[in-house]
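The values are calculated or read from the model by the stated rules, or taken from the named source; none is laboratory data. What you see is a predicted model, and the numbers here were worked out from it, not measured in a lab. Backbone-built Cβ (ideal geometry, glycine too); neighbour counts: all protein chains shown.
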Amino acid sequence: MNVTPRQLDILRLIRDFRSNRGFSPTMQELADRLSVSKVTVFQHIEALAEKGLIRKSRHKARSLALTDRVEFQDQHDQTLPLLGYIAAGAPIEAIQADQKLEVPSMFRKPGENFVLQVRGDSMIDEQIRDGDFVIVRSGSQPKNGQTVVALLEDGEVTLKRFYREGTRIRLQPANEAYEALYVPANKLTVQGVVIGILRKYT
């Protein structure tokens, strides 16, 4: 990559921030980490975007994401961060865990993907079972019918199918024993879309 040392620092910070927290840093957070001004960070971000190394949205504070053109010397890691548990049932708080899980190469995308372990059976008809590991692509824009990691206003997180219905979102379980959750669209944050499942047989 044709980048300056400072730009490489920014790329690594975005990658690590998304891996560890599941969402992107703001310009101010990058500035604070690098001990530079927000204007300086903005200039570097614009340069990286012009080089095709960063995607961003002008109207979203946490939209920074690395493109497929970004390569790091340490990116051959065989793992993704395991960030904790996700509820497939009643919402629970996702527990942060300093662990990693080895995953197939098709799912490895540092800074984009992370792993959560499922608790509950509300998605059983989608073949997502208690104890499974779901691989999540952070920052994805969900389409109706996709299974998402949804952050509710009270800070709890749940795993459900996503349906946009006017000004509200229907979070639909895949188990007749559970009822759908209805949430105002402005009270819900989608932290990512499920792109794969890992299951351990004992």
- Message: For segment 149-171, give me the residue count where each residue is over 15 Å from G22 (Cα atoms), part of a strand (DSSP E or B) and β-branched (V, I, T).
- Response: 1
- Note on the structure: Of (1) in a loop (DSSP other than H, G, I, E, B); (2) over 17 Å from K143 (Cα atoms), A174 fails just (2)
- Task: Could you tell me whether any residue of segment 15-31 is touching a Pro at 6+ places or on another chain (Cβ under 7 Å), under 26 Å from V149 (Cβ atoms) and at pLDDT 80 or above?
- Result: yes
- Do we find that G196 is surrounded by fewer than 18 Cβ atoms within 10 Å (Cβ to Cβ), part of a loop (DSSP other than H, G, I, E, B), modelled with pLDDT under 90 and not charged (D, E, K, R) in this structure? no
- Note on the structure: The correct count of residues that are over 25 Å from N20 (Cα atoms) and either of a type outside the set (V, I, T) or part of a helix (DSSP H, G or I) (or both) in segment 177-193 is 8
- Message: Within segment 120-148, take every residue that is of a type outside the set (A, V, I, L, M) and assigned to a strand (DSSP E or B) and give me the one that is farthest from V193 (Cα to Cα).
- Response: F133
- Item | Selection count, segment 1-55, where residues are of a type in the set (F, W, Y), under 30 Å from V194 (Cα atoms) and either in contact with an Asp or Glu (Cβ under 8 Å, 6 or more places away or on another chain) or surrounded by fewer than 16 Cβ atoms within 10 Å (Cβ to Cβ) (or both) | 1
- Item | Hits in segment 1-60 - residues which are part of a loop (DSSP other than H, G, I, E, B), closer than 27 Å to L83 by Cα and among the β-branched types (V, I, T) | T26
